[in-house]
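Written below as structure tokens is the structure these notes are about.
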Amino acid sequence: MSYENEISEKLEKKEALPEKLDISMLKYFWQANPLSSVKGGNIPKFLRKIGVLKNFSDNELRLLSQSLHLRSFENKEVIFRQHDLGVGFYFIYSGNVDVTVDSGKGAEESENYLLSLDKYDYFGELALLQDNSARNATVVARGNTELLGIFKPDIESLILNHPIVAAKLLQSVSLIIANRLFSVTREVRALKYKLTQRKMGKDGSKG
């Protein structure tokens, strides 16, 4: 069972989600010291280095941190599988993950490697905007990996208690999706151009 399947079951049974990060205002400023190695206080500083969160203030990042769930994964542990019901959006706090897609042949060797993601990368954003969103790829930890995750109930809580933070996060997620769509569209156009050039070359050689 993947990690997201476990979360989905908890949501269906209305059980408590994994413990959130607890960072008080005082604790945050104390741990902002560069010599501090306590993870809790380092989370807002980590988030500050993620480009899509650049419009958040320090206090907004602290509030966002309180809605995140920190989870460690062992090598080859599955975060979610292709076709799983998506429930969370993740930031890579440390380590790496591999992204693969199933070619549909039904065998292990049918999984095609797409890419690897590492620290400060993020994935799973569609789950926050779409209901019953199915994952379109499988994500597996490569080596010991730590993720910060936020789930739909956390977003609902943010909307009620910190609407500005929630609005900024959803705006950031929308920007991520728009950028990914733009990249895919550009790649498709480039591929079509190459195919057209190849076809023209073949037609020319026949003449």
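Quick rundown of the values:
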item: Too-long pairs where the Cα-Cα distance tops 32 Å, listed order kept, from K76/K199; K10/K76; K13/K49; result: K76/K199; K13/K49
item: Highest to lowest packing among 62-68, 92-98, 129-135, scored as the average C-beta count within 10 Å; result: 62-68, 92-98, 129-135
item: Residue-count net charge about S57 - beta-carbon cut-off 11 Å; Lys, Arg +1, Asp, Glu -1; result: +2
item: Potential lengthening between A134 and S174 on full extension [0.36 nm per residue; Cα-Cα distance subtracted]; result: 12.6 nm
item: Peptides ranked, highest mean first, by Cβ atoms within 10 Å: ranges 117-125, 139-147; result: 139-147, 117-125
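Computed from the coordinates by the stated procedures, all read-outs in this text should not be read as laboratory data. Note that the coordinates shown come from a computational prediction; the quantities given were computed from them, not determined experimentally. Note that each Cβ is placed from the backbone with ideal geometry, even for glycine, and that neighbours are counted across all protein chains shown.
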